[in-house]
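Written out below as structure tokens is the structure these notes cover.
What follows is calculated from the coordinates using simple rules that are stated; it is not laboratory data. It should be emphasised that the depicted structure is a prediction, and the values quoted were computed from it without experimental measurement. Methodologically, a virtual Cβ is constructed for each residue, glycine included, from the backbone with ideal geometry; neighbour enumeration extends over all protein chains shown.
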């Protein structure tokens with residue numbers, strides 16, 4: 001009997017995540033209610049709330065796989081995103097990868113990182129440790145004080161605002177590469193370091 005219950009729970013989880021991903025992409029996570037998700041998944045509210053206490057928990061579950069792939073690249077991937085490149089180049093590559101993540105899955109990030117909640121996520125903690133290590137390796141004064149400021153341009157609300165204003169993804173990447181190079185002590189002009 002317990003095997004059947006586990007299979008049902010897994011099936012319900014898959015239905016909930018699939019429905020939520022579709023709704024988040026179509027309407028924006030902030031415009032989707034838990035009732036919307038339960039109805040689209042064809043599950044009861046009790047079933048939904050037993051596993052996911054709120055919309056952010058569902059977005060976190062969906063986003064987790066994408067973030068884990070990026071974390072793996074930062075730890076074991078090829079340079080400049082992975083180890084082996086100078087800190088400035090790694091920071092620039094991190095910025096570019098995060099912008100791609102926001103472009104592809106921003107609706108999930110916005111659903112999981114609402115305001116101050118962003119700072120409590122495991123992913124933000126990982127990004128913070130990574131960027132802190134890069135700043136320290138580059139000899140940036142006070143990496144403890146700088147790390148959150150360096151991550152601030154990746155706030156999902158800011159990314160959405162910039163894109164709504166017509167700022168293209170390539171332009172954002174060039175600008176953040178310039179920031180990374182200057183911050184880590186290399187001369188500006190991203191084209192010279194591409």
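The distance between label points at residue 100 and residue 54 comes to 3.2 nm (points 7 Å beyond Cα on the Cα→Cβ vector).
Against the chain, whose longest principal axis comes from its Cα atoms, helix 169-183 is set at around 50 degrees.
Remark: the Cα gyration tensor places the stretch 141-184 in the oblate category, a/c being 1.5 or greater and a/b not exceeding b/c.
Remark: 75, 37 ranked as 75, 37, counting other beta-carbon atoms within 10 Å and listing the fewest first. The angle between the Cα long axis of helix 55-76 and the main principal axis of the chain comes to about 40°, on a 0 to 90 degree scale.
Helices in the chain, meaning DSSP H runs of at least 4 residues, each add -39500 (n - 2.57). Divided by all residues, the mean residue ellipticity at 222 nm is -23500 deg cm²/dmol. So what's the angle, to the nearest 10 degrees on a 0 to 90 scale, between helix 87-112 and the longest Cα principal axis of the chain? Once rounded, one gets 20 degrees. Packing order of peptides 65-71, 23-29, highest average first: 23-29, 65-71 (average count of other Cβ atoms within 10 Å over each peptide's residues).
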